[in-house]
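Below is one structure; the comments refer to it alone.
The values are calculated or read from the model by the stated rules, or taken from the named source; none is laboratory data. As the structure is a computational prediction, the values presented were derived from the model and not from experiment. Methodologically, a virtual Cβ is constructed for each residue, glycine included, from the backbone with ideal geometry; neighbour enumeration extends over all protein chains shown. We work out accessible area using only protein heavy atoms, side chains counted, and drop any ligands, DNA or RNA first. Shrake-Rupley method; radii C 1.70, N 1.55, O 1.52, S 1.80 Å.
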Amino acid sequence: MAELEEEETVAAAPEPEEEVTDLNGAVRGVLKRALMVDGVIRGLHEVAKHVEACKAQVVFLAESCNEATYKKLIQGLCIEKNVPVVDVPDNKSLGEWAGLCKIDKDGLPRKVVGTSCVAVVDFGEEGEAYNYLMKHLGK
């Protein structure tokens, strides 16, 4: 008789979640999990389309955006469609958290592209960062 060999599947150990102590840490954690499920929308045109279609669940807007009309457009659309807006201090860090960078062999971000707005359409797994963000938004 031929002996059947069973393949063992090794489940990837879940990464230990970082402790979230501030809003920026929560934004980073939420975007990290949303990136895993392809739930992050970047850029003015795409964010505006998703907010208008009521698909966006939360929008992150960089305070360092120097174009006042850009901010007004996003904030106005979000108010009209009841989408919460979270202000993030720096557009470079928002771009890094949204995956707009290359990661070198040491695990450090290189060639970071800044973005002024990012929308989340799918949060993925809910974790400590998600809970902190929802508490901040009052939901």
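Structure above, values below:
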{"read-out": "Volume per residue that the Cα convex hull of the range 52-139 spans, once the total is divided by residue count, Å³", "value": "115"}
{"read-out": "Environment charge of Ile103, counting only residues whose C-beta is closer than 11 Å and scoring Lys/Arg +1, Asp/Glu -1", "value": "+1"}
{"read-out": "Unit charges on C-beta of K, R, D, E only; dipole of the range 24-76, Debye", "value": "140"}
{"read-out": "Extension gain from Lys102 to Asp38, taking 0.36 nm per residue of separation minus the Cα-Cα distance", "value": "21.3 nm"}
{"read-out": "Summed residue charge, Cβ within 12 Å of Phe60's Cβ, Lys/Arg positive, Asp/Glu negative", "value": "-1"}
{"read-out": "The range 29-139, accessible surface, carbon-and-sulfur percent (1.4 angstrom probe)", "value": "50"}
{"read-out": "Using a Förster distance of 22 Å, the FRET efficiency for Lys55-Asn82 (Cβ separation, nearest 0.05)", "value": "0.95"}
{"read-out": "Karplus 3J(HN,Hα) series, Hz, for the range 92-99 with 6.51 cos²θ - 1.76 cosθ + 1.60 (x for Gly, Pro)", "value": "5, 5, 4, x, 5, 5, 8, x"}
{"read-out": "Per residue solvent-accessible surface (Å²) - the range 57-139, probe of 1.4 Å", "value": "57"}
{"read-out": "Anchor Lys72: lysines whose Cα lies under 22 Å away (excluding residues fewer than 8 positions away in-chain)", "value": "Lys49, Lys55, Lys81, Lys92"}
{"read-out": "The range 13-139: relative contact order as a whole-number percent, Cα under 8 Å and 6+ apart", "value": "39"}
{"read-out": "Cα→Cβ-extended label distance, 7 Å offset, between Glu128 and His45, nm", "value": "4.0"}
